[in-house]
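Asker: Got a structure here, written out as structure tokens. Questions coming.
The values are calculated or read from the model by the stated rules, or taken from the named source; none is laboratory data. Just so we're clear, the structure is a prediction, and the values are computed from it rather than from any experiment. Cβ coordinates were reconstructed from backbone atoms using ideal geometry, including for glycine residues, and neighbour counts include every protein chain displayed. Heads up: the accessible areas ignore ligands, DNA and RNA and are worked out on the full protein's heavy atoms, side chains in. Shrake-Rupley method; radii C 1.70, N 1.55, O 1.52, S 1.80 Å.
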Amino acid sequence: MKLASLRSPSRDGKLVVVSDDLSRYAPADGIAETLQAALDDWSVVAPALEKLSAKLTADPSLGDTFDEEAALSPLPRAYQWADGSAYVNHVELVRKARNAEMPPSFWTDPLMYQGGSDSFLAPKDPILMADEAYGIDMEGEVAVIVDDVSMGAGLEEAKEAIRLVMLVNDVSLRGLIPAELGKGFGFFHAKPSSAFSPVAVTPNSLGDAWKDAKLHLPLLVTYNDSLFGKANAGIDMTFDFAELIVHAAKTRPLSAGTIIGSGTVSNKLDDGPGKSIEEGGAGYACIAEIRMIETINNGQPTTPFMKFGDTVRIEMKDADGNSIFGAIDQAVAQYKPTNN
């Protein structure tokens with residue numbers, strides 16, 4: 001089953017069921033007005049949504065044309081957004097680039113930060129920034145939306161709580177990160193609004209690609225119309241989503257609608273740092289990673305961060321080449337505040 005939130009007078013959008021090929025949609029009228037409402041009563045609502053999905057699949061004449069431009073992020077705002085760093089290869093490169101030893105605990109205890117969740121970008125919205133000097137970067141990731149999770153939950157409860165899977169562009173401002181982390185109190189300015197894929201998908205709809213609480217497909221990142229990355233999200237993922245959820249719920253319960261991110265998808269090559277697609281590697285899901293490798297190999301980075309006018313597209317396709325979640329497709333633009 002595939003779900004989306006279309007633009008509406010409500011800031012939380014209007015819940016619709018989308019056909020498997022993303023061509024058509026049917027409103028979830030009388031079932032749930034918003035995705036959050038559906039998640040709040042999932043055991044009751046999900047069977048009705050599945051029934052509507054089956055009708056949409058069985059009858060090609062049903063529904064209206066689905067336009068990704070009309071879609072908000074599946075949850076336009078959420079009660080909680082917690083982003084992990086499950087691909088420890090990425091973390092290892094960050095530290096190696098600055099000649100810092102990586103603590104052994106990073107391989108057994110996930111990194112995670114709590115991001116802002118009150119204003120997610122729509123998947124086609126521009127990334128508005130006041131200054132290119134902030135070091136604007138994309139981060140291609142996979143994310144899950146969970147049902148209620150009890151504090152101290154185990155792996156089985158965590159795995160069973162995963163309701164939906166989607167993609168995310170976790171926009172990062174690299175130029176602001178060092179000063180913020182230097183304060184010893186975590187990210188704030190360096191992590192602006194993220195954007196999620198037009199469609200969120202139930203794990204069972206992903207077939208064999210969803211296994212062991214991981215999504216085993218390449219994440220396609222196109223930067224300025226050139227393929228920048230195709231790292232497989234199921235490879236080199238040190239912590240699966242169940243482990244990330246367990247970590248998030250260690251000292252608090254998680255409410256239905258909580259989003260858990262994987263962190264930047266990152267693949268090794270021959271047990272070493274990844275390489276660009278041109279060099280025979282899987283490429284990258286963020287600019288910071290190629291800059292780290294340039295620093296390790298050459299002493300300094302040469303690839304610049306994003307500039308106004310740059311574009312990024314994040315997508316995932318099935319074995320037949322069909323888009324699963326729709327595409328996050330954004331351009332960087334200069335933010336110009338209005339005078340109040």
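Asker: Return the only residue of 86, 133, 143, 153 being part of a helix (DSSP H, G or I) and small (Gly, Ala, Ser).
Answerer: 133
Asker: May I ask you to list the residues in region 33-65 that are among the basic types (Lys, Arg) and either over 24 Å from residue 323 (Cβ atoms) or assigned to a strand (DSSP E or B) (or both)?
Answerer: 51
Asker: Enumerate the pairs (first residue in region 98-127 and under 15 Å from residue 86 (Cβ atoms) and part of a helix (DSSP H, G or I); second residue anywhere and open to solvent by less than 60 Å² (accessible area, probe 1.4 Å) and among the aliphatic types (A, V, I, L, M)) with beta-carbon separation below 7 Å, excluding pairs fewer than 6 apart on the same chain, so at least 6 apart or on different chains.
Answerer: Correct list of pairs: 106/88; 106/91; 107/88.
Asker: Still on this structure: Condition first: surrounded by fewer than 20 Cβ atoms within 10 Å (Cβ to Cβ) and among the basic types (Lys, Arg). Can you find one or more residues in region 209-216 that meet it?
Answerer: Within region 209-216 (the criterion being surrounded by fewer than 20 Cβ atoms within 10 Å (Cβ to Cβ) and among the basic types (Lys, Arg)), the answer is yes, since at least one residue qualifies.
Asker: Criterion first (among the polar types (S, T, N, Q), open to solvent by less than 40 Å² (accessible area, probe 1.4 Å), touching a strand residue (DSSP E or B) at 6+ places or on another chain (Cβ under 6 Å) and at pLDDT 95 or above) does residue 276 satisfy it?
Answerer: So residue 276 fails the test.
Asker: Given the options 289, 243, name the one that is of a type outside the set (Ser, Thr, Tyr), out of contact with any strand residue (DSSP E or B) (no Cβ under 6 Å at 6 or more places or on another chain) and at pLDDT below 95.
Answerer: Going through 289, 243 in turn, just one is of a type outside the set (Ser, Thr, Tyr), out of contact with any strand residue (DSSP E or B) (no Cβ under 6 Å at 6 or more places or on another chain) and at pLDDT below 95: 289.
Asker: Starting from residues that are touching an Asp or Glu at 6+ places or on another chain (Cβ under 8 Å) and assigned to a loop (DSSP other than H, G, I, E, B), keep the ones in region 13-32 and report whichever is farthest from residue 165 (Cα to Cα).
Answerer: Filtering region 13-32 for residues that are touching an Asp or Glu at 6+ places or on another chain (Cβ under 8 Å) and assigned to a loop (DSSP other than H, G, I, E, B), the one farthest from residue 165 (Cα to Cα) comes out as 32.
Asker: Just to be sure I understand, how many residues within region 95-110 are under 27 Å from residue 259 (Cα atoms) and either modelled with pLDDT of 95 or more or buried (at least 16 other Cβ atoms within 10 Å of the Cβ) (or both)?
Answerer: 1
Asker: Here is a check on your reading of the model: is residue 227 at pLDDT 95 or above, of a type in the set (A, V, I, L, M, F, W, C) and open to solvent by 50 Å² or more (accessible area, probe 1.4 Å)?
Answerer: Against the criterion (at pLDDT 95 or above, of a type in the set (A, V, I, L, M, F, W, C) and open to solvent by 50 Å² or more (accessible area, probe 1.4 Å)), residue 227 qualifies.
Asker: Condition first: touching a residue at least 40 places away in the same chain (Cβ under 8 Å) and in a strand (DSSP E or B). Can you find one or more residues in region 238-259 that meet it?
Answerer: yes
Asker: Next up: Report, by residue number, each residue of region 54-97 that is without any contact (Cβ under 8 Å) to a residue 40 or more places away in the chain and farther than 30 Å from residue 272 by Cβ.
Answerer: If the condition is that a residue be without any contact (Cβ under 8 Å) to a residue 40 or more places away in the chain and farther than 30 Å from residue 272 by Cβ, then 54, 55, 56, 57, 58, 59, 60, 61, 62, 67 are the ones that fit.
Asker: Output the residue which, of all residues in region 62-94 that are among the polar types (S, T, N, Q) and modelled with pLDDT of 95 or more, is least open to solvent (accessible area, probe 1.4 Å).
Answerer: Checking each candidate, the answer is 73.
Asker: Here's something else I'd like to know. Could you grab me the full set of residues in region 298-340 that are in contact with a helix residue (DSSP H, G or I) (Cβ under 6 Å, 6 or more places away or on another chain) and either touching a residue at least 12 places away in the same chain (Cβ under 8 Å) or outside any loop (DSSP other than H, G, I, E, B) (or both)?
Answerer: Correct list: 303, 305, 307, 326.
Asker: Does residue 139 satisfy the condition of being surrounded by fewer than 18 Cβ atoms within 10 Å (Cβ to Cβ), closer than 30 Å to residue 205 by Cα and either touching a strand residue (DSSP E or B) at 6+ places or on another chain (Cβ under 7 Å) or not small (Gly, Ala, Ser) (or both)?
Answerer: So residue 139 does not fit the description; no.
Asker: Looking at 201, 146, which one is touching a helix residue (DSSP H, G or I) at 6+ places or on another chain (Cβ under 7 Å), under 23 Å from residue 120 (Cα atoms), modelled with pLDDT of 95 or more and open to solvent by less than 60 Å² (accessible area, probe 1.4 Å)?
Answerer: Answer to the check: 146.
Asker: Would you mention how many residues in region 263-297 are assigned to a loop (DSSP other than H, G, I, E, B), within 27 Å of residue 125 (Cβ to Cβ) and not hydroxyl-bearing (Ser, Thr, Tyr)?
Answerer: Residues meeting the conditions: 4.
Asker: Any residue that is more than 30 Å from residue 164 (Cα to Cα) and among the charged types (D, E, K, R) - is there at least one of those in region 285-295?
Answerer: yes
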